[in-house]
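What follows is one structure encoded as structure tokens, with my remarks underneath.
The values are calculated or read from the model by the stated rules, or taken from the named source; none is laboratory data. Here the structure is a predicted model, which is why all the values come from computation and not from measurement. Note: ideal-geometry Cβ built from the backbone for every residue, glycine included; neighbour counts use all protein chains shown. Protein only, heavy atoms only, side chains kept; ligands, DNA and RNA dropped before computing areas. Shrake-Rupley method; radii C 1.70, N 1.55, O 1.52, S 1.80 Å.
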Amino acid sequence: MPRNEYQAELAALREDVVAMSETVAERLEMGLTALETGDEELAEEVINGDDEINQLYLDLEKQCTDLIALQQPVAGDLRFIAASFKIITDLERIADLATNLGEYAQVADNDIFPSVDIQAIGETTLAMLDSAMEAYAAEDRELCYTVNDRDDDLDTECEIASGTVVRELIEGEQLDDNEIEPFMEDVSRLLLTIRDLERVGDHAVNIAARALYMIDNNDELIY
């Protein structure tokens, strides 16, 4: 393959990975909106859209494996392809977590703990994902560290939110027997929502870590 055609394929891979991330971020935002508004149709759209994300993943996986098998890249090009492959795996898992939000939105009562701001946590995760993908697209090493540092803030937000749920649960009014089970199911879903958003942040850090490895052959952030 001529050198210019090979470079065009590498550029196309980068563009396609970024495009996948934009679709995943859109689904995550939709899932958060469905949770906030109780929009069951929007929740269903997020859930049904998971097949599209899975297909994007498979298509990009093939691009990566074909480039490795047919072009036998070395050094920086090999790190780029390997990082891209790992990043699409994290993106696919974020999409799975967005699907979870859609499923929670279909059945959850999101007014049980109004002091827990799920949307604020969601905005943090979306910003982390955006920064991690910008680090990959622009080869910005400083953004990689920024995403990693911001994960501490997200962990704190999630810890406070979970603690608030537990505290208010303990301090709350007594419920009738017929109210306890559905209430505890909503509590469980809220705690799962917080956990899933924290995991989105972890995947964003993974993306930033792979981007840093791609840029500088630096595995400092890879856990």
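Descriptive notes on the structure:
- Shown in residue order for the stretch 73-85 are the 3J(HN,Hα) couplings computed by the Karplus curve 6.51 cos²θ - 1.76 cosθ + 1.60 at θ = phi - 60°: x, 10, 6, x, 5, 5, 4, 4, 5, 5, 5, 4, 4 Hz (x for Gly and Pro).
- Matching label, Rg and Dmax of the Cα atoms in Å computed from the structure shown, candidates [x] 19.8, 74; [y] 22.2, 76; [z] 19.1, 55: [x]
- Accessible area per residue, Å², the chain with all protein chains present, probe 1.4 Å: 51
- Helical runs assigned H by DSSP (4 residues or longer) give the chain a calculated mean residue ellipticity at 222 nm of -30500 deg cm²/dmol, each run adding -39500 (n - 2.57) before division by the residue total.
- In this structure the amide hydrogen of Asn218, modeled in the peptide plane, comes within under 5 Å of the amide hydrogens of Tyr213, none closer than 5 places in sequence on its chain.
- Principal-axis tilt of helix 177-216 within the chain, Cα atoms, nearest 10 degrees: 20
- Between 0 and 90°, nearest 10: helix 3-37 axis offset from the chain longest Cα axis: 10
- Exposed loop sites are taken as GluC sites (Glu not before Pro) in a DSSP loop (any state but H, G, I, E or B) with at most 13 other beta carbon atoms within 10 Å; the longest stretch of the chain without one runs 1-172.
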